[in-house]
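Down below is the structure, laid out as C-alpha cells.
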Amino acid sequence: MHAELLFRHIKPINLFACLGTCISTIVVAIMLQIVTAAGLVGGFDPSFAELLTFGGLISATDPVSTLAIFQAKRVDPHLFYLVFGESVLNDAVGLILFNALAKFVGDDDSFERITEAIIKFFLDFIINFAGSFCLGLLSGILGALLLKTVDMRDTKLLELSLFVLVMYLPFFLAEIMGL
C-alpha cells in the first residue's frame, strides 16, 4: 500500500465519503417518502426521521469487489486509492449518521423541536466524529507501539490474543463512551 497516494488524495476522499454519504442518505429518504406518499407501501407510514435513519443505514457502501477488480486489472493507482479511501471512511460516516439520525425518531414535528433537534444533530455529529477519530488514532498508535515492543516470536498464542485485543478494544471503548 502506498500511503503517500492515499494522503495525497485525502481532500477528495473526504469529500466523497462525507458529502457523498450525506447526499445518498437524503436522496434515499426523499425517494422512500415519494413511494410512501404514492401509497405503494401498504399500511406502513414511516416518519421522515425514520426514512432518514434508514437512508443513513444503507448509504455506506462496501466496494470490495470493485477494489479486487481494480487490482486485477491494474487500473490507475490514483483511482484505486480514491475508491479505497472513500470506502474506508464512508462506513464511519454512515455509522455516525445512523446514530445521530436515530435520535430524531419519535420526536414531534413542532418548529422549535425541529430547530433544537437540528442543532443537537450537528453537535452530536461533530462530537462523535472527533471522538471516534481521536480514539482510533490513539488506539492505532498504542497498538502499533505494543506490537512493536513486545517480542512474540516464541508465543504465538500471545501474539494472536494481543492482535484480537488491539482490534476489539477500541470498539468496546467506543461503545462504552457512546461514540
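The values are calculated or read from the model by the stated rules, or taken from the named source; none is laboratory data. Owing to the predicted nature of the structure, the values given are computational and were not obtained by experimental measurement. Backbone-built Cβ (ideal geometry, glycine too); neighbour counts: all protein chains shown. Side chains are part of the model used for accessible areas, which takes the heavy atoms of the whole protein and leaves out ligands, DNA and RNA. Shrake-Rupley method; radii C 1.70, N 1.55, O 1.52, S 1.80 Å.
List the helices (runs of 4 or more DSSP H) inside the stretch 28-143, counting only whole elements, that have at least 1 residues being in contact with a helix residue (DSSP H, G or I) (Cβ under 9 Å, 6 or more places away or on another chain) and among the small types (Gly, Ala, Ser). Please lay out each step first, then the result.
Values: elements: 48-58, 64-73, 77-102.
Passing ranges, in order: 48-58, 77-102.
Among the listed residues ILE34, ILE30, identify the single one that is open to solvent by 70 Å² or more (accessible area, probe 1.4 Å), of a type in the set (Val, Ile, Thr) and under 26 Å from the mean Cα position of the chain (by Cα).
ILE30
Pairs, please: C-beta under 6 Å, at least 6 apart or cross-chain, first residue more than 25 Å from CYS18 (Cβ to Cβ) and in the stretch 129-147, second part of a helix (DSSP H, G or I)?
Matching pairs, first to second residue: GLY143/VAL166.
Is there a residue in the stretch 132-147 that is out of contact with any Pro (no Cβ under 9 Å at 6 or more places or on another chain), under 19 Å from PRO12 (Cα atoms) and open to solvent by 40 Å² or more (accessible area, probe 1.4 Å)?
The answer is yes; a qualifying residue exists.
Are there any pairs, at least 6 apart or on different chains, whose C-beta atoms fall under 7 Å, with the first in the stretch 166-179 and assigned to a helix (DSSP H, G or I) and the second of a type in the set (Ser, Thr, Tyr), and if so, which?
Pairs that qualify, where the first residue is assigned to a helix (DSSP H, G or I) and the partner is of a type in the set (Ser, Thr, Tyr), are LEU169/SER139; PRO170/SER139; ALA174/SER132.
Tell me the residue from THR61, THR53, THR25 that is in contact (Cβ under 8 Å) with a residue 12 or more places away in the chain, out of contact with any strand residue (DSSP E or B) (no Cβ under 9 Å at 6 or more places or on another chain), more than 30 Å from LEU79 (Cα to Cα) and β-branched (Val, Ile, Thr), please.
Going through THR61, THR53, THR25 in turn, the sole match is THR53.
Taking the stretch 1-17, which residues are open to solvent by 40 Å² or more (accessible area, probe 1.4 Å) and either among the hydrophobic types (A, V, I, L, M, F, W, C) or over 18 Å from PHE122 (Cβ atoms) (or both)? Don't jump to the end; show me each part of the working.
Pass one, the stretch 1-17, residues open to solvent by 40 Å² or more (accessible area, probe 1.4 Å): 1-4, 7-8, 10-12, 14-16.
Those that are open to solvent by 40 Å² or more (accessible area, probe 1.4 Å) and either among the hydrophobic types (A, V, I, L, M, F, W, C) or over 18 Å from PHE122 (Cβ atoms) (or both): MET1, HIS2, ALA3, GLU4, PHE7, ARG8, ILE10, LYS11, PRO12, LEU15, PHE16.
Considering only the stretch 38-94, state which residues are open to solvent by 30 Å² or more (accessible area, probe 1.4 Å) and among the small types (Gly, Ala, Ser).
Residues satisfying the conditions are ALA38, GLY39, GLY42, GLY43, SER47, ALA60, SER65, ALA68, ALA72, ALA92.
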